[in-house]
Amino acid sequence: MENSRGSFTKGIAAGVVLAALLALLLMLFVAYTGSYNIAASQDHSPFVRWLFSTTMSHSVAARADELEPPEAFSEAQVEAGAEHYKAMCEHCHAGPGVKRAEWAQGMLPQPPHLIDEAAHWQPNEVFWLVKHGVRMSGMPAFGETHEDAELWDIAAFVERLPGMTSSEYAALGQQTGTHKH
């Protein structure tokens, strides 16, 4: 009986190794033949879009889990975050009553419309995304050029973004004058 179990286990191991080798060969084939179209004018296949989206979501959640956001955000943080958002994020992610910049329409993957998507992210995840960016998406890492406090301000603002009216949005971020580019 153990002999047949051992043979079965060896057969499974050999199958896993063979599958891994075939996957590697397929990846090399795709990479070296140029068979996968990387043009920004065409969307990824549904499987690749799902793979990138799922990987990104789980990667952010795993890394942001180590961050401890402030217990509560102040109105001053939301105000400062609005100013930073309008200067750094609005052209790609839009805002209530404000469309994304025309050039951002050609980005693939399309930057999420944060009015709708922000509710799906925790403040520590937004902070992590803004600080570290997302490879191959057009989302830059702002951690090298901005202090953590400014990035938490953006997270404070983004937390408030869902449900914000266009007049509320327009009124925010006009008072501090601290964002410089």
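Bear in mind these aren't lab numbers, they're just calculated from the coordinates by the rules spelled out. Just so it is clear, the structure is predicted and the values come from calculations on it, not from any experiment. Heads up, the Cβs are rebuilt from the backbone with ideal geometry, glycines too, and the neighbour counts pull from every protein chain shown.
List of remarks:
- Per-residue extension of 0.36 nm, minus the Cα-Cα distance of residue 165 and residue 105, leaves a gain of 19.3 nm for this segment.
- Options 161, 8, 45, ranked by Cα towards positive dipole end of the chain, top entry (Cβ charges): 8
- Straight-distance candidates among the aspartates and glutamates for linking to residue 99, with alpha-carbon spacing under 14 Å and chain neighbours fewer than 8 residues away dropped: 90, 116.
- In loop segments of region 110-164 as defined by DSSP, the trypsin sites (Lys or Arg not before Pro) with at most 15 further C-beta atoms inside 10 Å of their C-beta are 135.
- In a DSSP loop and with at most 14 other Cβ atoms within 10 Å, the chymotrypsin sites (Phe, Trp or Tyr not before Pro) in region 1-69 are 36.
- When the GluC sites (Glu not before Pro) in region 65-140 are filtered for DSSP coil states and for at most 10 other beta-carbon atoms within 10 Å of their beta-carbon, the remaining sites are 66, 71.
- Exposure proxy shown here: for 22, 161, the number of other Cβ atoms within 10 Å sets the order, fewest to most, as 22, 161.
- Zero-based 5 Å bins, Cα pair distances in the chain, whole percents: 1, 7, 13, 16, 15, 12, 9, 7, 6, 5, 4, 3, 2, 1, 0, 0
- Proximal charge balance of residue 119 [Cβ under 15 Å; K/R count +1, D/E count -1]: -3
- Within the chain, the whole DSSP H helices whose Cα atoms reach 24 Å or more along their own axis and whose mean Kyte-Doolittle score is at least 0.5 are 2-33.
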